[in-house]
Amino acid sequence: MINVVNDSNSLQGAAALSSSQRTVESVDQQTGQQTDLNNVQQQDGPGLDFIRAIISEDLASQKHTQIVTRFPPEPNGYLHLGHVKSICLNFGVAEEFQGLCNLRLDDTNPTAEKQDYVDNILQDVRWLGFQWNGEVRYASAYFQQLYDWAIQLIQQGDAYVDLQSPEQIRLNRGNFKEPGVDSPQRNQTPAENLVLFEHMQSGQLQAGTAVLRAKIDMASPNIHLRDPVLYRIMNVPHHQTGEHWKIYPMYDYAHPLSDAIEGITHSLCTLEFEDHRAFYDWVIDKVKPVGTPRQIEFSRLNVDYTLTSKRKLKKLVDQGLVSGWDDPRMPTIAGMRRRGFTPEGLRDFCQRVGVSKSDGVVDVGLLEFCIRQSLENSAPRGMAVLRPLKVTLTNLPEAMTLHHARHPNIDLGERDIPLTQEIYIDRQDFEEVPPKGFKRLIPGGEVRLRHAYVMRCDEVLKNDSGDIVELKCSVDLDTLGKNPEGRKVKGVIHWVSAEKGIPAEVRIYERLFSTMNPEAEPETASGDSETEAWLANLNPDSLQILSAVVEPALAAAVAGDRFQFEREGYFIADAVDHQSERPVFNRILDLRDSFKPG
């Protein structure tokens with residue numbers, strides 16, 4: 001079970017995430033509570049966030065004897081980082097309070113949904129370490145009941161069929177300063193509306209010619225209550241129900257009633273649904289299903305340098321700007337999984353961020369810190385030269401095999417490291433004219449080969465163009481496993497045997513966007529939404545592909561194996577392209593971590 005209750009002391013450092021004083025979500029930032037629950041304490045220590053406090057009170061008062069939550073994604077794209085928080089929250093509170101959490105696909109829009117999206121949602125939830133209650137549920141399984149309840153609303157005089165065009169409905173809805181205008185059909189009799197509603201479902205009316213609307217208040221200050229649409233005509237097949245339905249319920253209508261059908265006690269939604277709560281409650285009050293769920297809103301997860309708009313992520317995929325939904329640069333769960341992020345790191349990240357009612361932006365450094373923390377104690381070590389420069393060890397008497405631990409945790413075993421006369425070092429570890437402070441190899445200088453000897457550069461070989469193509473070096477044969485006598489060698493560099501090393505493709509990933517707020521359109525944007533000016537924020541250097549050489553022990557890697565390439569970063573054998581005869585490694589993150597969570 002994952003403990004995601006936050007200790008306010010442990011979050012003090014996380015709150016100070018950047019010099020720009022951006023807000024980080026934590027329990028210390030809860031505001032706008034409807035009830036005074038902020039001081040509710042667990043019996044064993046830290047304070048509860050406001051959602052867990054509400055649940056604790058509901059259980060203590062016997063309002064509920066068992067908690068039932070749900071994670072209800074729409075299968076119109078791949079899940080992203082923002083969904084990770086919702087998954088951890090819904091499944092997490094269910095586990096903590098010995099309750100249940102359903103997985104329900106809110107599949108009410110067949111034009112945007114695919115089975116591929118459904119399959120990946122299931123895979124993502126399992127990969128994060130959660131298991132839903134019972135079978136996977138679908139809103140489409142409730143279509144007949146939702147249709148019957150729509151007829152009930154018509155018979156009660158709480159719904160009517162509107163024959164205005166979509167544009168007329170939009171214009172007549174009014175705005176924040178002006179009330180809406182009643183539809184010409186608003187006062188039709190229930191009998192007239194029942195006939196028209198049947199015509200909608202039978203296919204006698206075409207898409208865009210009629211909708212079913214709730215009859216609430218066209219002058220309401222909450223625009224969501226100005227006779228919202230309940231059903232629209234969409235004469236297209238559905239991936240679950242086939243061609244039976246010609247009309248499909250709107251999300252805001254299907255969602256509360258699906259919650260009620262499933263006996264959901266606490267319907268946890270992000271803050272953008274706060275204004276929709278009045279309609280959520282109206283639907284439950286008018287239909288009067290057996291269950292009475294309660295909608296509670298929490299702040300969504302916003303991370304800088306990260307885009308979580310499904311529409312925009314789909315645009316990146318459709319335009320070929322990334323290799324797919326699982327491109328390792330994408331903030332989708334599939335992309336993060338292929339990149340090499342760990343479920344443990346993502347869950348830790350969500351725990352540190354916490355739950356609040358305050359919108360804010362989290363420093364991406366916290367996410368990267370959590371991923372590195374999860375990898376530090378689990379990723380075996382290995383050496384890989386990403387930009388090979390040939391070195392000949394002129395006095396190495398013969399090839400030899402060194403033995404070294406795969407990890408500081410000796411329980412992970414050892415690996416064999418062949419040392420031959422010809423090796424590769426990284427080009428960045430040699431400078432003919434070194435900059436100030438350079439502590440690696442220079443002409444006439446010494447460095448230690450990691451896990452091996454101290455090496456001196458004796459000669460630099462160049463081609464006709466003046467490019468360095470090889471170094472002639474000698475090793476101090478008395479320095480294996482010990483320091484040289486009478487001098488101090490500061491630099492340590494990694495290397496790989498030229499003869500025994502394995503050629504590999506290494507993909508260096510950087511952030512997909514070069515700006516902190518990638519969804520913001522640049523100041524030079526024309527204002528034409530069709531230009532998608534935000535695309536100018538893409539980082540042109542987000543992917544670099546290198547022809548590397550890795551030590552032989554890494555050749556045994558299978559897709560999904562993670563490693564720390566010493567001095568280079570954390571890497572994973574790519575889930576799609578990696579093969580034993582043609583290894584492909586993705587960089588998860590480099591080793592630099594300036595983030596201090598406190």
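Values computed for the structure shown
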quantity	calculated
Residue count for region 371-415, restricted to those that are modelled with pLDDT under 95 and among the hydroxyl-bearing types (Ser, Thr, Tyr)	1
VAL492 surrounded by 18 or more Cβ atoms within 10 Å (Cβ to Cβ) and modelled with pLDDT of 95 or more	no
Residue that is surrounded by the most Cβ atoms within 10 Å (Cβ to Cβ), among those in region 569-598 that are assigned to a loop (DSSP other than H, G, I, E, B) and of a type in the set (Gly, Ala, Ser)	ALA575
Lone unmet requirement of (1) assigned to a loop (DSSP other than H, G, I, E, B); (2) charged (D, E, K, R); (3) touching a strand residue (DSSP E or B) at 6+ places or on another chain (Cβ under 8 Å) for GLU398	(3)
ASP478 in contact with a helix residue (DSSP H, G or I) (Cβ under 7 Å, 6 or more places away or on another chain) and exposed (fewer than 15 other Cβ atoms within 10 Å of the Cβ)	no
Qualifying residues in region 124-139 (those that are part of a helix (DSSP H, G or I) and touching a residue at least 40 places away in the same chain (Cβ under 8 Å)) - the one surrounded by the fewest Cβ atoms within 10 Å (Cβ to Cβ)	TRP127
Extreme residue, nearest to PRO408 (Cα to Cα), among residues of region 441-468 that are without any contact (Cβ under 8 Å) to a residue 24 or more places away in the chain and either in contact with a Gly (Cβ under 7 Å, 6 or more places away or on another chain) or not in a loop (DSSP other than H, G, I, E, B) (or both)	ARG456
Close pairs (7 angstrom Cβ cut-off, 6 or more residues apart or separate chains): farther than 15 Å from HIS83 by Cα in region 351-371, part of a helix (DSSP H, G or I) and of a type in the set (Gly, Ala, Ser) anywhere	ARG352/ALA14; LEU366/ALA14; CYS370/GLY345; ILE371/GLY345
Residue within region 285-304 that is without any contact (Cβ under 8 Å) to a residue 24 or more places away in the chain, of a type outside the set (Phe, Trp, Tyr) and either within 21 Å of ASP124 (Cα to Cα) or not in a loop (DSSP other than H, G, I, E, B) (or both) present	yes
Qualifying position, being buried (at least 19 other Cβ atoms within 10 Å of the Cβ), closer than 19 Å to ASN102 by Cβ and touching a helix residue (DSSP H, G or I) at 6+ places or on another chain (Cβ under 7 Å), among SER258, SER299	SER258
Residue match in region 98-121 (condition: among the basic types (Lys, Arg), buried (at least 19 other Cβ atoms within 10 Å of the Cβ), touching a residue at least 12 places away in the same chain (Cβ under 8 Å) and outside any strand (DSSP E or B))	no
Qualifying residue in region 428-440 (condition: closer than 22 Å to VAL506 by Cα, assigned by TED's automatic domain parsing to the domain that holds VAL475, outside any loop (DSSP other than H, G, I, E, B) and under 37 Å from the mean Cα position of the chain (by Cα))	yes
Scope region 308-328; condition part of a loop (DSSP other than H, G, I, E, B), at pLDDT 95 or above and either hydrophobic (A, V, I, L, M, F, W, C) or touching a helix residue (DSSP H, G or I) at 6+ places or on another chain (Cβ under 7 Å) (or both); matching residues	LEU321, VAL322, GLY324, TRP325, ASP326, ASP327, PRO328
Subset tally (residues that are more than 28 Å from LEU554 (Cα to Cα) and assigned to a strand (DSSP E or B)) for region 469-506	0
Unmet requirement for GLN204, which otherwise passes all of (1) farther than 19 Å from TYR253 by Cα; (2) touching a residue at least 24 places away in the same chain (Cβ under 8 Å)	(2)
Residues being small (Gly, Ala, Ser) and touching a residue at least 60 places away in the same chain (Cβ under 8 Å) - total across region 150-199	2
Candidate set: region 258-302, residues that are among the polar types (S, T, N, Q) and farther than 19 Å from LEU153 by Cα; chosen: the one nearest to the chain's Cα centre (by Cα)	ASN302
Test result for GLY360, of a type outside the set (Ser, Thr, Tyr), within 29 Å of LEU412 (Cβ to Cβ) and not in a strand (DSSP E or B)	no
Some residue of region 225-244 being buried (at least 19 other Cβ atoms within 10 Å of the Cβ), assigned by TED's automatic domain parsing to the domain that holds ARG186 and assigned to a helix (DSSP H, G or I)	yes
Every residue from region 495-520 that is surrounded by fewer than 17 Cβ atoms within 10 Å (Cβ to Cβ) and among the β-branched types (Val, Ile, Thr)	THR515
Residue satisfying all of: in region 77-93; assigned to a helix (DSSP H, G or I) and among the hydrophobic types (A, V, I, L, M, F, W, C); nearest to MET330 (Cα to Cα) among these	LEU81
Filter result for the condition that a residue is buried (at least 16 other Cβ atoms within 10 Å of the Cβ), more than 30 Å from SER514 (Cα to Cα) and either without any contact (Cβ under 8 Å) to a residue 12 or more places away in the chain or out of contact with any Leu (no Cβ under 6 Å at 6 or more places or on another chain) (or both), over PRO397, PRO388, PRO418	PRO418
All positions within region 146-188 that are surrounded by fewer than 15 Cβ atoms within 10 Å (Cβ to Cβ) and in a helix (DSSP H, G or I)	ASP148, GLN152, GLN155, PRO166, GLU167, GLN168, ARG170, LEU171
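The values are calculated or read from the model by the stated rules, or taken from the named source; none is laboratory data. Bear in mind that the values here come from a model prediction, so they are computed numbers and not experimental data. Virtual Cβ from ideal backbone geometry, glycine too; neighbours counted across all protein chains shown.
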